[in-house]
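The values are calculated or read from the model by the stated rules, or taken from the named source; none is laboratory data. Bear in mind the structure is a predicted one, so any value in this text is a computation, not a measurement. Here Cβ is always computed from backbone atoms with ideal geometry, including for glycine, and neighbour counts include all displayed protein chains.
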Amino acid sequence: MVRAGRDSVFIDEFLSRRMIAIGWSKLGDLSNVHSREQFSQLVEQSWPENNKFQNSASVGQVYRFREEIVTGTTVVTYDSNRRIYHLGSVTGDYVYHPEYDPELVHTRAVKWDSEISRDILSAGSKNSLGSISTIFCLSAEAADELVSFGQNGKSVQTTEPVEDEIEGETEIRRDTEQRALGFLQDKLSKLDWDEMQELVAGVLRAMGYKTRVSPAGPDRGRDIIASPDGFGFQPPRVVVEVKHRKGTMGAPEVRSFVGGLRQNDNGLYVSTGGFTREARYEADRTNQNLTLMDADDLGKAIVEHYDRMDSESRALLPLKKIYWPV
């Protein structure tokens, strides 16, 4: 895949000039540049203000266009306005065109052979074709579908049942949600103990409680007290212990926490390192109202109540909402 700029702005140039092209015009003519080391030096010299990750990404994209796409390579580009994929094959070597638009100076000639509507592709192929990279390799499934439809002509209609398409999109959504939760937990792991305690208190406030957070020092198993009045006088009173470490909490720790609760207290034990099977058994057998919350549970609670969390709590874990069609 070689994208024709953001929102397919250069699709007409790709088709009329029978080419694929990329920018990075500061690099100049790459006719005699072949090794990754040479590309790295050029990119670092051209964009000294960028960090290593940004420059590494640029090197990968330019190197792939210059060295990995060769005569005979099958390529595809996308017209987002018409929802059409254009399929073709590379017919020429790299050519530098400084007279073109700065976003089109590095080029390769292409023979465009066929057009495929995005609407006839499976949900899995649509998903794999959605990468934001300028240049990337297609999945085997997407490549096979595009080539198959391209060989059958321009006006192929989908034969995929609607139910299968919906199920495919649902699986992609679930996978995306799981990946997002994993990244959220990665961010949680980087918070220090004080920040984690404040974040848990923020979730409780978003749920309608008022909270008192214990200062640093011995807290006798009470990191946070949450209640309707904020003092713990009015029920329900929630006593929270926060353990932010890699190791799992065992039965002795849970038993000790339960032993410090009052008769009508509700206990919430948060352990980002999780709990042993014995600890969960200990929680199940107690007569006290007790909930164990691991990193996965905490992440889901944050997502559920994030919109109602105060600005101080959200600043500890900035998140962006993504809307998904249902």
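For segment 257-286, give me each residue that is of a type in the set (Val, Ile, Thr) and not in a strand (DSSP E or B). Those that are of a type in the set (Val, Ile, Thr) and not in a strand (DSSP E or B): Val258, Thr272, Thr276, Thr286. Within segment 68-88, at least one residue is within 28 Å of the chain's Cα centre (by Cα) and over 20 Å from Ile11 (Cα atoms). For Ser128, the conditions (1) surrounded by fewer than 17 Cβ atoms within 10 Å (Cβ to Cβ); (2) within 30 Å of Arg174 (Cα to Cα) all hold with the exception of (1). Taking helices (runs of 4 or more DSSP H) as the structural unit, those lying wholly within segment 1-69 and holding at least 2 residues that are of a type in the set (Val, Ile, Thr) and either crowded, with 16+ Cβ neighbours inside 10 Å or touching an Asp or Glu at 6+ places or on another chain (Cβ under 9 Å) (or both) correspond to 52-63. Test Arg285 against the criterion of being farther than 25 Å from Arg205 by Cβ, of a type in the set (Lys, Arg) and either in the same structural domain as Gly232 (by TED's automatic domain parsing) or surrounded by fewer than 17 Cβ atoms within 10 Å (Cβ to Cβ) (or both), and give yes or no. When the stated conditions are applied, Arg285 passes them.
Considering segment 287-321, and only residues there that are in a helix (DSSP H, G or I) and among the β-branched types (Val, Ile, Thr), the residue that is farthest from Lys190 (Cα to Cα) turns out to be Val303.
So how many residues does segment 70-100 have that are acidic (Asp, Glu) and part of a strand (DSSP E or B)?
Within segment 70-100, the subset acidic (Asp, Glu) is 79, 93, 99.
Next, from what is left, pick out any that are part of a strand (DSSP E or B): 79.
The total comes to 1.
From the list Val2, Val9, pick out the single residue that is at pLDDT below 95 and farther than 13 Å from His97 by Cβ. Full working, then the answer.
Values: Val2 fails: at pLDDT below 95.
Unique residue meeting the criteria: Val9.
Mind counting the residues in segment 290-307 that are over 30 Å from Asn127 (Cα atoms) and loosely packed, with under 14 Cβ neighbours inside 10 Å? Qualifying residue count for the region: 1. Summed over segment 119-147, the residues that are under 22 Å from Leu15 (Cβ atoms), part of a helix (DSSP H, G or I) and either at pLDDT 90 or above or β-branched (Val, Ile, Thr) (or both) give a count of 6.
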